[in-house]
1. If we keep just the residues of the range 116-166 that are at pLDDT below 55 and among the aromatic types (Phe, Trp, Tyr), which is surrounded by the fewest Cβ atoms within 10 Å (Cβ to Cβ)?
2. Kindly evaluate Leu254 against the criterion of being in the same structural domain as His149 (by TED's automatic domain parsing) and surrounded by 15 or more Cβ atoms within 10 Å (Cβ to Cβ).
3. Which of the residues that make up the range 234-244 are out of contact with any helix residue (DSSP H, G or I) (no Cβ under 7 Å at 6 or more places or on another chain), surrounded by 15 or more Cβ atoms within 10 Å (Cβ to Cβ) and in a loop (DSSP other than H, G, I, E, B)?
4. What number of residues within the range 191-233 satisfy the criterion of being of a type in the set (Val, Ile, Thr) and in contact with a helix residue (DSSP H, G or I) (Cβ under 9 Å, 6 or more places away or on another chain)?
5. Restricting the range 178-191 to residues that are within 18 Å of Arg161 (Cβ to Cβ) and among the β-branched types (Val, Ile, Thr), which is surrounded by the fewest Cβ atoms within 10 Å (Cβ to Cβ)?
6. Can you pull out the residues in the range 293-305 that are in a strand (DSSP E or B) and surrounded by fewer than 18 Cβ atoms within 10 Å (Cβ to Cβ)?
7. Being of a type in the set (S, T, N, Q) and under 19 Å from Met18 (Cβ atoms) narrows it down to one of Asn33, Asn66, so name that one.
8. Residues of the range 248-283 being more than 23 Å from Ser212 (Cα to Cα), of a type outside the set (A, V, I, L, M, F, W, C) and in a loop (DSSP other than H, G, I, E, B), which ones?
Amino acid sequence: MAKDNSTDTSGHPGIAPMVRIDGAKIRQLRERNKLTQLYLSTVVGVTTDTISRWENRHYQSIKLENAEKLAQALEVPLEEIEQQESPEPESQPSQVQPEPVDLPPRRRTGLIIIPAVLLSVVAAGILIYSMFDTKPHRGVSAERILPLHVSPGQSFPVLIRVHLTEPPPVSLIIKELIPHGTLALEGFPSITSIDDKENSLKWIRRIDTEGSVYAYMCKAPPDTRGNDRLVFSGTVTLKDTASDRQTIEGADSLEIAPYHWADSNRDYMIDDEEILAVYDIYSDMEELPFDRDLIDSIWASEGYAWDHAGATYITVD
């Protein structure tokens, strides 16, 4: 029968169950799968320093929840990263240490000069390597697309376009931080995980094309006021690169204002140019409900008005 290496916390309500982990095994699996500590830290939701401490056995036990996420990222069952108990090492007979012998002091001539020369040689080598290293760097770029504004309590679309600067396929993590008080309604492709405490969304995907799109509907807080701004931020991390996370560029905020998000010029109408822009920019969001019927209705009418009390749009015939 398999041995259970988890720490028993049944007698202590409220304490998260713990698991004893094998740091050397974790490092071995990570290097075998060509994963970086940055990638593991993003999947698990901890810092790279924490991953390093786990691998170097500074922590013998970690939370079961984190261990399960770690095993998932390493693509192995949980049991494979658990610490297997080994028999107690036999005590070694004490050895008699030789009595120290006084030696004449060594001359210190050159001890300061030699390290300085070595440092100069290493620095020169690094400079030459950086000048002649033409190996292409792996990477990714991402751009966020937001409307200019949204009314309080109303939903609006968010697009993230990802472009690879290397040949596919590539596995990556997209992490999007949304403003506190906003609500992520639905995503396409499906959002892998949502952290309500951190107000973050994550996609973990393997993509086979140079470009891909990630979209979600977001709902503005109902208690926001005019001129308030909702600020977004996010990163993209590749599976097998040691470079830092790539920041999602493009739009990073939108204003709270009493206009429909498709009414970009704020004239309480959706004209032909604006509705064509909606169908063009958000054509990748066919699977998501982004008020298509309401937008068509406003476009076909004489305009609309924002009913603040009822928190809704009223079309004008």
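1. The selected residue is Phe132.
2. On the way: in the same structural domain as His149 (by TED's automatic domain parsing): yes; surrounded by 15 or more Cβ atoms within 10 Å (Cβ to Cβ): yes.
When the stated conditions are applied, Leu254 passes them.
3. Initial filter on the range 234-244 (out of contact with any helix residue (DSSP H, G or I) (no Cβ under 7 Å at 6 or more places or on another chain)): 234-236, 238, 240-244.
With the extra rule that they be surrounded by 15 or more Cβ atoms within 10 Å (Cβ to Cβ), the set shrinks to 234-236, 238, 241.
Listed by number, the list holds a single entry, Thr241.
4. Step one: filter the range 191-233 for residues of a type in the set (Val, Ile, Thr), giving 191-192, 194, 204, 207, 209, 213, 224, 231.
Those still in the list that are in contact with a helix residue (DSSP H, G or I) (Cβ under 9 Å, 6 or more places away or on another chain) too: 204, 213.
Total meeting the criteria: 2.
5. Among those that are within 18 Å of Arg161 (Cβ to Cβ) and among the β-branched types (Val, Ile, Thr), it is Ile191.
6. So in the range 293-305, the residues in a strand (DSSP E or B) come out as 303-305.
Matches in the range 293-305: Gly303, Ala305.
7. Exactly one residue qualifies, and that residue is Asn66.
8. Of everything in the range 248-283, those that are more than 23 Å from Ser212 (Cα to Cα), of a type outside the set (A, V, I, L, M, F, W, C) and in a loop (DSSP other than H, G, I, E, B) turn out to be Pro258, Tyr259, His260, Asp263, Ser264, Asn265, Arg266, Asp267, Tyr268, Asp271.
The values are calculated or read from the model by the stated rules, or taken from the named source; none is laboratory data. Owing to the predicted nature of the structure, the values given are computational and were not obtained by experimental measurement. Heads up, the Cβs are rebuilt from the backbone with ideal geometry, glycines too, and the neighbour counts pull from every protein chain shown.
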